[in-house]
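These notes concern the structure reproduced below.
None of the figures in this text is laboratory data; all of them are computed from the coordinates on show. Being a predicted model, the structure only gives us computed values, none of them experimental. Heads up, the Cβs are rebuilt from the backbone with ideal geometry, glycines too, and the neighbour counts pull from every protein chain shown.
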Amino acid sequence: MSPYQDMTMPKTKTNDARHPERLKILFADDEQPLQELMSLELPRLGHQVTVCPDGLTAVAALERNTYDCMIVDLDMPGLSGIEVLERAKSLCPETETVVLTGKSSLETAVSALRHGAFDYLTKPCKLAELQALLAKIATKRELTRKYLALKNNMDRAEGQRTMVGQSHVMARVRRLLEKVAPTPSTVLILGETGTGKELAAQAVHELSSRADQPFVAVNCGALPESLIESELFGHRKGAFTGADENRIGLFEVADGGTLFLDEIGELPKTMQAKLLRVLESGEIRRVGDNEPFKVDVRIVCATHRNLAEMVDEGDFREDLMYRINTFEVYLPPLRERIDDIPDLSNHLFQRFRGPTPQGQTVFSKEALDTLCNHRWPGNIRELANVVEHATILSEQLPITTDDLPRQFGQKPSSRNRLAAGPMSLKELEFQAIAASLERHGGNKAAAAEELGVSLKTLYNKINQSEALNRAA
């Protein structure tokens with residue numbers, strides 16, 4: 001009877017792409033029967049495996065690619081399992097290691113644990129024992145992944161977290177989200193800046209079968225072009241200058257869940273091609289790795305830009321536009337849902353101040369009328385800033401027009417350039433920038449997002465304005 005016969009198992013259904021126990025495994029052992037067995041059994045259990053005949057080959061594989069787990073024999077020619085483990089801790093510190101040892105080498109196994117091994121198994125072992133260890137490793141990595149996803153969302157947390165409003169346009173938006181959420185379709189959310197596109201993406205996630213998996217959001221326009229690939233796909237240590245450690249990309253963090261690519265229109269053309277390849281193949285490759293691996297991610301995209309016009313101008317790939325636009329949802333600007341302003345204002349007030357007594361009037365009729373008559377170029381994000389300002393300023397309820405920001409209580413004066421006579425397009429542009437900066441308290445990043453331009457463009461416009469003022 002073969003000493004490895006105990007390592008076989010009855011045929012089981014292969015794990016699907018979303019199974020949390022799927023791992024990318026490096027297996028190193030100099031015994032050919034065990035190599036052949038693992039090359040068959042581990043993929044059947046749903047794992048991706050690379051088999052190496054000795055320690056030197058294993059180290060070479062670690063230098064080329066990253067792995068979730070390494071199973072390594074302690075007694076191998078060339079480099080021992082302990083030496084491979086030490087090199088792995090330097091090359092891929094997040095890779096978990098299971099060591100295989102004979103019964104006569106338990107002291108060496110204990111030494112491996114001291115060197116950072118996750119656990120050990122003695123030969124011959126049952127595959128069920130190895131599978132149980134792999135399940136523990138997968139659970140540990142799953143918790144780490146969910147922690148990273150939670151941290152990502154907490155870092156981005158701002159604005160309202162609930163879709164508020166009973167207007168007919170919002171009722172239609174809700175119906176669309178409820179229809180598409182249970183499907184695997186890619187969703188494209190369109191709308192002006194500040195209309196709540198990330199909130200709609202979260203609704204798609206929470207209404208889907210992936211609701212208990214990570215929701216990861218990334219603003220494509222906020223990432224430096226040189227780091228976008230690393231941010232999305234991850235990188236291995238030493239892949240480029242400054243890559244001091246291995247990094248898990250956001251696609252991998254969102255594996256099994258939903259990845260929200262906000263402002264997809266800002267993605268550089270080079271990255272558009274790579275994103276298209278990922279969407280078509282379902283595979284990603286970390287920067288510096290040679291081997292791709294599968295991820296199962298539901299993609300939701302959003303943009304305030306007209307992608308069809310960008311395609312015509314050569315700024316966006318037509319094939320990518322069709323790939324991400326399987327199902328389109330349009331979020332109306334706040335000026336098209338004025339009926340929702342009272343509910344939104346009350347909701348935002350409670351978010352800043354806390355619950356109010358039942359029946360308490362939060363905003364006076366005059367204050368609500370003033371809010372409803374505003375054009376809201378910054379949409380819900382601008383409304384949130386106004387309500388927060390009023391919440392801070394008000395000493396008692398209801399909030400009145402006196403508690404609103406200064407521009408809401410002022411009538412046009414002779415100082416208003418618009419009332420003074422004709423203006424050039426450049427002057428109108430500068431005035432819009434100045435008004436946005438005032439609304440956001442001088443926060444240039446927020447103003448740039450509201451105006452729909454990059455931060456670099458905004459700085460250039462401000463410098464031009466200052467130069468014209470000095471010349472005048």
| field | Length gained when the stretch ASP315-ASP339 is fully extended (0.36 nm per residue, less Cα-Cα span) | value | 4.9 nm
| task | Just order 186-192, 32-38 by mean Cβ neighbour count inside 10 Å, highest at the front, would you? | result | 186-192, 32-38
| For the pair GLU225 and ALA132, what calculated FRET efficiency results from E = 1/(1 + (r/R0)^6), where r is the Cβ-Cβ distance and R0 = 45 Å, to the nearest 0.05? | 0.50
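Quick one: net charge of LEU100's neighbours, Cβ under 10 Å, K/R +1, D/E -1? If you can, show how the numbers build up before the last one.
Values: positive: LYS123; negative: ASP29, GLU31, ASP73, ASP75.
Neighbourhood net charge equals -3.
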| said: As an exercise, use a Förster radius of 25 Å and the Cβ-Cβ distance of ARG305 and LYS444 to find the FRET efficiency, rounded to the nearest 0.05. | reply: 0.80
| message | Can you work out the Karplus-derived ³J(HN,Hα) for every residue in the range 45-61? Use 6.51 cos²θ - 1.76 cosθ + 1.60 with θ = phi - 60°, whole Hz, and x for glycine or proline. | response | 7, x, 9, 9, 10, 10, 9, 10, x, 7, x, 4, 5, 5, 5, 4, 5
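What share of Cα pairs, in percent, lie more than 17 angstrom apart in the range 334-410?
Above the 17 Å cut-off, the range 334-410 has 36 percent of its Cα pairs.
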| remark: A chain fully extended from ALA211 to ASP30 at 0.36 nm per residue, minus the present Cα-Cα distance, gains in nm 60.8 nm
| field | Cross-link pairs LYS24/LYS179; LYS126/LYS294; LYS89/LYS444; LYS179/LYS237; LYS269/LYS444 - those with Cα-Cα distance over 32 Å | value | LYS24/LYS179; LYS89/LYS444; LYS179/LYS237
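With r defined as the distance between the Cβ atoms of GLN396 and ALA435 and R0 fixed at 22 Å, what FRET efficiency is calculated, to the nearest 0.05?
Values: r = 30 Å, r/R0 = 1.36.
Result of the calculation: an efficiency of 0.15.
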| message | Under 5 Å between amide hydrogens, which residues at least 5 positions from ILE71 or on another chain qualify, with H placed 1.01 Å from N in the peptide plane? | response | LEU26, PHE27, ALA28, VAL98
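Contour minus end-to-end for SER185 and LYS294, with contour as 0.36 nm per residue of separation and end-to-end as the Cα-Cα distance?
My answer for the length gained is 37.4 nm.
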| remark: Given backbone amide H placed at 1.01 Å from N, residues whose amide H is under 5 Å from that of ALA217, ignoring those fewer than 5 places away on the same chain, are PHE260
| If each of THR270 and SER454 carries a label point 7 Å out from its Cα toward its Cβ, how far apart are those two points in nm? | 1.3
